[in-house]
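Report on the structure given below.
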Amino acid sequence: MSALEKSMHLGRLPSRPPLPGSGGSQSGAKMRMGPGRKRDFSPVPWSQYFESMEDVEVENETGKDTFRVYKSGSEGPVLLLLHGGGHSALSWAVFTAAIISRVQCRIVALDLRSHGETKVKNPEDLSAETMAKDVGNVVEAMYGDLPPPIMLIGHSMGGAIAVHTASSNLVPSLLGLCMIDVVEGTAMDALNSMQNFLRGRPKTFKSLENAIEWSVKSGQIRNLESARVSMVGQVKQCEGITSPEGSKSIVEGIIEEEEEDEEGSESISKRKKEDDMETKKDHPYTWRIELAKTEKYWDGWFRGLSNLFLSCPIPKLLLLAGVDRLDKDLTIGQMQGKFQMQVLPQCGHAVHEDAPDKVSLVFNDCKRTTVRITLDVTEDKSLSLSLHCLQQLLWSLCRCNSTSSPTSPWQLLMVLALCICAEELLTPCYFIPGPCG
């Protein structure tokens, strides 16, 4: 059973019984941890983990869209981080602090459309094609025609979008690709029970502290430090609490649909709205995105993902929370050395949140088993283009392809000669995970 399936089943379990001396109820903000000790569920601002925040404007056919990004670091390759469904860029906060302390790189964590603080003209369109284009557009808006070396890292849905982005060649300077805890076979199987999982979640929360507490107790996020900053991007304050019309629209959105007898259905629905209106006043926070309404896009995110992942001619890494059931294509690809795979046991589905230090160590340790890639970041456009072509040539010569013969001696000599000739030009030195497919 995959980590995703485990988290879905755990989410349907009843909540823990009240602790002794709690009077039959638990605090929405804290939980007692022994004599005189309490856990702090208060939210933490993004500024404690990221250096800056920016709203990137992108123009398209429907008008201007604004994408929220959080950034850290000033030198090295860019790690472009894509979150999972329902999460936000803040889910990468603790990981960002960990990786920046170990690897010289730049972090760009992106709120995908309809998530976090990103505002788009057509928030209902969550197709893989549209979101992949969003990623390419944001990169172009931020860096222009000469983007720096970029590695795409995506978790769950974000991992699928990263693969679609890479396979469509929407990021010209892409040097590496990493999927975190997403496998096509497992994801497709989990979709059958996803609606039940979503219905089992609370519709509203009394406070941010209550939402953070639930995320930790339910096992959605096992790391309290990450939950305190991540949940801020997953929930929002309900709008129009004091307005009858606004309240009505909100209540209609959160009432669970049920089959009712035609007779008296109108009066029953009215009573439900009135009851939920009273509840709403005590539960002013709800989810930023209704994932249940995105079901029509789920198949497009994950179907064919394995072949797309293997076909990307760049270094690839698959990071899993457990010994997942790899499908036939990924199993063969792993045996052929087309990608690296790392398993981090004792983690939930949100691997990068549960164990940010371990995940950062995985990327740091990649330097010991990687191909050395260098690319000069210079203001000379012609020189940058030449070096980019040289970089692509090096990758093509070093690429591991099971359908071709092993690298010949003359190819190795050619790579060595190119490296020697470019030694004075290609600085600084970056390490991107290998091998490639």
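Hey, what's the stretch 36-194 come to in accessible area per residue, 1.4 Å probe, Å²?
Heavy-atom accessible area per residue stands at 35 Å².
When a/c is below 1.5 the answer is rounded, else prolate if a/b is larger than b/c, else oblate, so apply that to the stretch 177-234 with a ≥ b ≥ c taken from the square roots of the Cα gyration tensor eigenvalues.
Judged from the Cα gyration tensor, the stretch 177-234 comes out oblate (a/c at least 1.5, b/c at or above a/b).
Tell me, what HN-Hα J-couplings in whole Hz come from the Karplus equation 6.51 cos²θ - 1.76 cosθ + 1.60 at θ = phi - 60° for each residue of the stretch 51-68, using x for Gly and Pro?
Per residue, the Karplus-derived 3J(HN,Hα) values read 7, 8, 9, 8, 9, 8, 8, 10, 9, 9, 5, 8, x, 9, 10, 10, 10, 7 Hz.
May I ask you to list the residues of the stretch 38-53 whose amide nitrogen lies under 16 Å from a point 7 Å from Cα along the Cα→beta-carbon direction of Lys217?
38-42
How are the C-alpha pair distances of the stretch 84-191 spread across 10 Å bins, as whole percents from the shortest bin up?
Per 10 Å bin, starting at 0, the Cα pair percentages come out as 13, 46, 35, 6, 0.
How much accessible surface does Val108 have with a 1.4 Å probe, in Å² rounded to 10?
Probe radius 1.4 Å; accessible area of Val108 about 0 Å².
Could you give the length gained on full extension between Gln346 and Ser52, defined as 0.36 nm per residue of separation minus the Cα-Cα distance, in nm?
102.6 nm is the gain from fully extending Gln346 to Ser52.
Apply the a/c threshold of 1.5 to the C-alpha gyration tensor of the stretch 126-173 and tell me whether it is rounded, prolate or oblate.
Prolate, because a/c is 1.5 or more and a/b exceeds b/c.
Under the rule of at least 5 residues apart or a separate chain, name every residue whose amide H is placed under 5 Å from the amide H of Leu112.
Those lying under 5 Å, H to H, from Leu112 are His83, Ala89.
Residue by residue through the stretch 92-98, what is 3J(HN,Hα) from phi via Karplus (6.51 cos²θ - 1.76 cosθ + 1.60, θ = phi - 60°)? Round to whole Hz and write x for glycine and proline.
Working through the residues one at a time gives 9, 4, 5, 4, 4, 4, 6 Hz.
Rounded to whole Hz and in sequence order, give me ³J(HN,Hα) for the stretch 311-320 from the Karplus expression 6.51 cos²θ - 1.76 cosθ + 1.60, θ = phi - 60°, writing x for Gly and Pro.
Taking θ as phi minus 60°, the curve returns 7, 5, x, 9, x, 9, 9, 10, 10, 10 Hz for the stretch 311-320.
Note the full-extension length gain between Ser311 and Ser42 as 0.36 nm times their separation in residues minus their Cα-Cα distance, in nm to one decimal.
92.4 nm
First check a/c for the stretch 298-340, with a ≥ b ≥ c the square roots of the eigenvalues of its C-alpha gyration tensor; if it is under 1.5, answer rounded, and if not, answer prolate when a/b is larger than b/c or oblate otherwise.
oblate
Given a Förster distance of 35 angstrom, what is the FRET efficiency for Ser101 paired with Glu239, based on the Cβ-Cβ distance and rounded to 0.05? Walk me through the numbers on the way to the answer.
Working: r = 39 Å, r/R0 = 1.11.
With R0 = 35 Å, the Cβ-Cβ based efficiency is 0.35.
State, to one decimal in nm, how far the label point of Ser74 lies from the label point of Arg201, with both points 7 Å from Cα in the Cβ direction.
Taking the two extended label points, one gets 3.8 nm.
The values are calculated or read from the model by the stated rules, or taken from the named source; none is laboratory data. Keep in mind that what you see is a predicted model, and the values were worked out from it rather than measured. Counting neighbours? That spans all protein chains shown, and the Cβs are built from the backbone with ideal geometry, glycine included. Quick note on the areas: whole protein, heavy atoms, side chains included, nothing else; ligands and nucleic acids left out. Shrake-Rupley method; radii C 1.70, N 1.55, O 1.52, S 1.80 Å.
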